[in-house]
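A short reminder: the numbers here are calculations on the coordinates, not readings from a lab. Since this is a predicted model, take the numbers as computed values, not measurements. In this analysis, Cβ positions are derived from the backbone assuming ideal geometry, glycine residues included, and neighbour counts consider all displayed protein chains.
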């Protein structure tokens, strides 16, 4: 093979061709010949490079990686002269360098294993050929060419893949039920309604590697016998929606979606449906109602969606991450996949690490890793060298686990037994300065707001719990509040239809179980041990540290601080609104909370 | 737009796509940079570049990235050639004739031994 010192990729996107890409390419070849560079510089056709509408026709020059845009036959000459003869980039025709820094997804840490996140940031999500280059759609080819639907289901069963949306139901079993349902047509649905505050694993996959989800859905559709699929994505993810739509369009153009996929006779197509921002629509029956155009409220199960789902027809619903696992399992084999994870939970799980941890962001670890390893080895420990207090897994319906649970392995069963949930993978770390009553109040505020209102225990009960917690935080709690909270929690769990109501009390139950002393301090001693609840704290100035610099007095919004210059200052606690500004501005650590 | 009608089509497309992707993936490769400013060209940088190209082609070394850049800014030292081995610091050579370039390629790029007598301070 001849060696070229440089390669020019010319975008052959249809829009670029419309705008004269073929003439540009011809001119380029001519100019290179004039300067005797034909043997040094190679010219190749390429799929789209930049945005064809605003940047085409465009070329990409390697090894420099220079991206020249909006080319005409007249601009090719100067580029050849400057770039290839003189080695200078022509700034006026160059595209702005795109910011490639990704703050959400850093380099993998030592203990991470990345399967789902493997290609994110390394392939262009808007270019299907990038996905194909990393073995994309090979699993689909294998399934359609060599496997029966039952074999596919058996493979997924054997892989022990479990629903990554949180409940952990075996995916193979779900597919089997949908396949066995006699009614037709059948539907495949992807739940991309990622609503947990702080969680963005699914968004990252949809934005960075959308074809892995489409391929997984197509394989599943073949297995259950569905010909139409829907991705239900929340409207708050506009980039994910647009990336998905581009990916679906390209898959159709390449014949990987639509009629007679890969000549197998199997038809399947996918459409995107946008949610309107209701948290409850992540619940599968509410989600289906929303796709149908009805109000997003859950309904009684059974019948389960596998027998009566979308428009009363058999429907299979899986989460984004579940689908993204499927092609990897088929392509790389069971042995590889089941070598990772714990006894009952195989493979990996993505988490969004947030809160008081040193390295926040997305991570992916094999099941069975302990919370301690995740928080300390991967997350880098607690921010600012403070002590660990609790970690909440699984989003607003998860439980808060204390230090004594740090060595628990992370899998569905263990987290469930400890009083939390796997959820979709939110993980919020809290340090010693977190008030657990306040945290319970915070999550209850979220869930009571998101309760759809269908079940009275959830609608009214969460409201009552929130009121009690607000009362305790305000120092007005009474001893009877504790048994009342317990009773409300157990009744809401018992009498609610869906996961939202059944999970809503979790933060309260788990904090009462592990941090009861904090509740008692608030109620009996009117004291907030973490010094967070404003009604229960006072600010004062230490005379031996105060230099009388007047900074606090000048910044106090209610003029509660008095004192002469170079004399010790004093806070009038009757006027003080406990905003904490004085503590923030003091340069001598003289302001303390009591 | 190629419609994929069979598994063979898909495999073919994968190979093509991998080639394009490989081009864009440059980490971990040896880079040879030739200063091709006006001064460099006047001093014979094109001939030096040609010699390097010929060497790479004759020795079948496809994993080397040969780049050109503008004036490197070392007055009087043109043509300037820089060699960057993966993980190593940039080594700069000055007044590189085609014959010197071939030796740099043989010793530094292939065997990893810096040709000290051609080296200049950058």
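Considering only B:49, B:74, B:13, give the residue with the highest GNM mean-square fluctuation for chain B, with springs between Cα atoms whenever their separation is below 10 Å.
With Cα springs under 10 Å in chain B, the top fluctuation among B:49, B:74, B:13 is at B:13.
Could you list B:60, A:569, A:211 so that the one with the fewest beta carbons within 10 Å of its beta carbon is first and the one with the most is last? Write out the running numbers ahead of the final one.
Details: B:60 9, A:569 24, A:211 29.
Final ranking by Cβ density, sparse to dense: B:60, A:569, A:211.
If a/c stays under 1.5 just call it rounded; otherwise compare a/b with b/c (prolate if a/b is bigger, oblate if not). Do that for segment A:128-338, with a ≥ b ≥ c from the square roots of the Cα gyration tensor eigenvalues. Before the final figure, lay out the partial values.
On the way: a/c = 1.43, a/b = 1.18, b/c = 1.21.
Since a/c stays below 1.5, the shape of segment A:128-338 is classed as rounded.
Take B:111, B:21, A:204, A:109 and order them by how many other Cβ atoms sit within 10 Å, fewest up front. Walk me through the intermediate numbers first.
On the way: B:111 9, B:21 18, A:204 23, A:109 15.
Lowest count first: B:111, A:109, B:21, A:204.
How far is helix A:481-495 tilted off the main Cα axis of chain A, in degrees rounded to 10, range 0 to 90?
Once rounded, the angle reads 30 degrees.
Relative to the longest principal axis of chain A, what angle (0 to 90°, nearest 10) does the C-alpha long axis of helix A:436-450 take?
60 degrees
Bin width 20 Å, alpha-carbon pairs only: give the P(r) of the protein assembly as shown as whole percents, running from 0 to the bin holding the largest distance.
15, 37, 30, 17, 1
Go ahead and estimate [θ] at 222 nm for the protein assembly as shown from helices alone: -39,500 (n - 2.57) per DSSP H run with n ≥ 4, summed, over the residue count, rounded to 500.
Values: 27 runs with 263 residues, N = 716.
When only DSSP H runs of four or more count, the value is -10500 deg cm²/dmol.
Shape of segment A:420-523 from its Cα gyration tensor (a ≥ b ≥ c, root eigenvalues): rounded if a/c is under 1.5, otherwise prolate when a/b > b/c, or oblate? Mind showing how you got there, number by number?
Working: a/c = 1.84, a/b = 1.23, b/c = 1.50.
Verdict is oblate for segment A:420-523.
In square nanometres, what is the average projected area of the Cα convex hull of segment A:348-431?
On the way: hull surface 17.6 nm².
So the mean shadow area of the Cα hull is 4.4 nm².
Report the Cα centroid-to-centroid distance between segment B:38-105 and segment A:205-223 in angstrom, as an integer.
Taking the Cα centre of each part, segment B:38-105 and segment A:205-223 sit 47 Å apart.
Over the C-alpha atoms of segment B:13-122, what are the Rg and the largest Cα-to-Cα span, Dmax, in Å?
Taking only Cα atoms of segment B:13-122, I get Rg and Dmax of 14.4, 49 Å.
Normalised by the number of residues in segment A:436-524, what is the relative contact order in percent for Cα pairs under 8 Å and 6+ residues apart? Provide the component values of the computation, followed by the final result.
Numbers: 97 pairs, mean separation 33.9, N = 89.
So the answer I get is 38 percent.
How many nm separate the modelled label positions at residue A:542 and residue A:150, each set 7 Å beyond the Cα in the direction of the Cβ?
With each label placed 7 Å out from Cα toward Cβ, I get 7.6 nm.
From the alpha carbon gyration tensor of segment A:538-593, can you work out the equivalent ellipsoid semi-axes (sqrt of 5 times each eigenvalue) and give them in Å, largest to smallest?
The equivalent ellipsoid of segment A:538-593 has semi-axes of 15, 11, 10 Å.
Taking the Cα atoms only, what angle lies between the long axis of helix B:7-24 and the longest principal axis of chain B, rounded to 10 degrees?
Tilt relative to chain B: about 20 degrees.
For a quick size check, give me the Cα extents of segment A:1-102 along its three principal axes, largest first, whole Å.
36, 32, 29 Å, listed from the longest principal axis down.
Which of A:115, A:132 has the fewest other C-beta atoms within 10 Å, and how do the rest follow up to the most?
Numbers: A:115 22, A:132 25.
Lowest to highest Cβ neighbour count: A:115, A:132.
Using R₀ = 30 Å, calculate the FRET efficiency as 1/(1 + (r/R₀)^6) where r is the Cβ-Cβ separation of residue B:42 and residue B:85; round to 0.05. Kindly include the intermediate steps, with their values, before the conclusion.
Working: r = 29 Å, r/R0 = 0.97.
It comes out at approximately 0.55.
Whole angstrom only: what separates the Cα centroid of segment A:244-319 from the Cα centroid of segment A:340-367?
27 Å
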